[in-house]
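The values are calculated or read from the model by the stated rules, or taken from the named source; none is laboratory data. Since the structure is predicted, the reported quantities are computational estimates derived from the model, not experimental observations. All Cβ positions, glycine included, derive from the backbone under ideal geometry; neighbour counts span all protein chains shown. Just so you know, the surface numbers come from the protein's heavy atoms only, side chains and all, with ligands and any DNA or RNA stripped out. Shrake-Rupley method; radii C 1.70, N 1.55, O 1.52, S 1.80 Å.
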Amino acid sequence: DYKRSCHDAALHVPLVIAGGPFKGGVAVEELVSTASLPKTILALAGVDVGDAMIGENLLDVVEKKDDNRPNEIFAQISESRVGRCIRTARYTYSVYAPGVNGGIAAGADRYADDFLYDMEKDPHQLNNVVADPAYVSVKEELRVRLLDWIEKAEGAHPIITD
C-alpha cells in the first residue's frame, strides 16, 4: 500500500515536457502536480480553461510568472484507502477516511489525521509528528489549506479530526 499513499516515494514522480514552448535545459525545483497536465496541454492547444479546472499551466511555472505562487501540491488517494494530503516545501500532511474502502468510495465526509512530516528535519519521512504538541499550529494551518484544496478540487466540505 505504500505506493498508494501520500509519501514522497509515491508522489514524487519525475516529469519531462518537451516541444512547443518547452525548450530543453530548464530544471524546475518547485512542487508541481500531475493535476496540472490537462490544463497545460489545453493551454498548449490554445484553450484557456481559467479556473474551470484545478491545476495550473506549467509553462507559467517554468517562466516564473507568479512570484506569489504557493509551492505546494494536493493529492488524492482513492484505491485501497481514501486519503488526501498537502505537500509543501517544508511539510507533508496527510489524512485518511477511517473505515472507508477506497475501492468503493472515492471520497469521504470525515477524515482523520494520518501523518505529518517535517521535511527539513526528516527528509526521508521516518518520524511522524502528527501528534507532537510542538507541531499543533503547523498541523492546524495545513489542515485549513488541505480543506481549501478539497473544496476546490471536489466541491466537498468534509471535517478532519485528530
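What order do 86, 77, 104 take when sorted by accessible area (1.4 Å probe), most exposed first?
104, 77, 86
Could you give P(r) for the chain, binned at 5 Å from zero, as whole percent values over all Cα-Cα pairs?
2, 8, 17, 19, 19, 15, 11, 6, 2, 0
With a cut-off of 8 Å between alpha carbons and a minimum separation of six or more residues, what is the relative contact order of the chain in percent?
Rounded, it is 17 percent for the chain.
So how exposed is residue 33, as accessible area in Å² (1.4 Å probe, rounded to 10)?
20 Å²
Accessible area of the chain with a 1.4 Å probe: how many percent of it is carbon plus sulfur?
53 percent
In the stretch 107-141, whose amide N lies under 16 Å from the spot 7 Å out along Cα-to-Cβ of residue 161? List them in ranges.
108-114
Need the C-alpha centroid separation for the stretch 78-146 versus the stretch 15-40, integer Å.
26 Å
Expected output is a single nm value to one decimal: the length gained when fully extending between residue 145 and residue 29, i.e. 0.36 nm times separation in residues minus the C-alpha distance. What is it?
Using 0.36 nm per residue and subtracting the Cα-Cα distance, I get 39.6 nm.
Taking 7 Å along the Cα-to-C-beta vector as the label spot, tell me the residue 120-residue 41 distance in nanometres, rounded to one decimal.
The two pseudo-label positions are separated by 3.8 nm.
Calculate for the chain the 222 nm mean residue ellipticity that helices alone would give, adding -39,500 (n - 2.57) per DSSP H run of length 4 or more and normalising by residue count, nearest 500 deg cm²/dmol.
Rounded to the nearest 500, it is -6500 deg cm²/dmol.
How would you rank 52-61, 9-18, highest first, on the average number of other Cβ atoms within 10 Å across their residues?
52-61, 9-18
Roughly speaking, what is the stretch gain from residue 71 to residue 101, that is 0.36 nm per residue apart minus the C-alpha to C-alpha distance, in nm to one decimal?
7.7 nm
Heavy-atom accessible area per residue, the stretch 1-102, 1.4 Å probe: how many Å²?
That works out to 59 Å² per residue.
Excluding same-chain residues fewer than 8 positions from residue 65, which aspartates and glutamates have a Cα within less than 12 Å of its Cα?
56
Return the FRET efficiency for the residue pair residue 60, residue 137: r is the Cβ-Cβ distance, R0 is 25 Å, and the value is rounded to the nearest 0.05.
Efficiency, from the Cβ-Cβ distance: 0.20.
Please state the shape class of the stretch 42-101: rounded when a/c is under 1.5, otherwise prolate if a/b exceeds b/c and oblate if not, all from the C-alpha gyration tensor.
oblate
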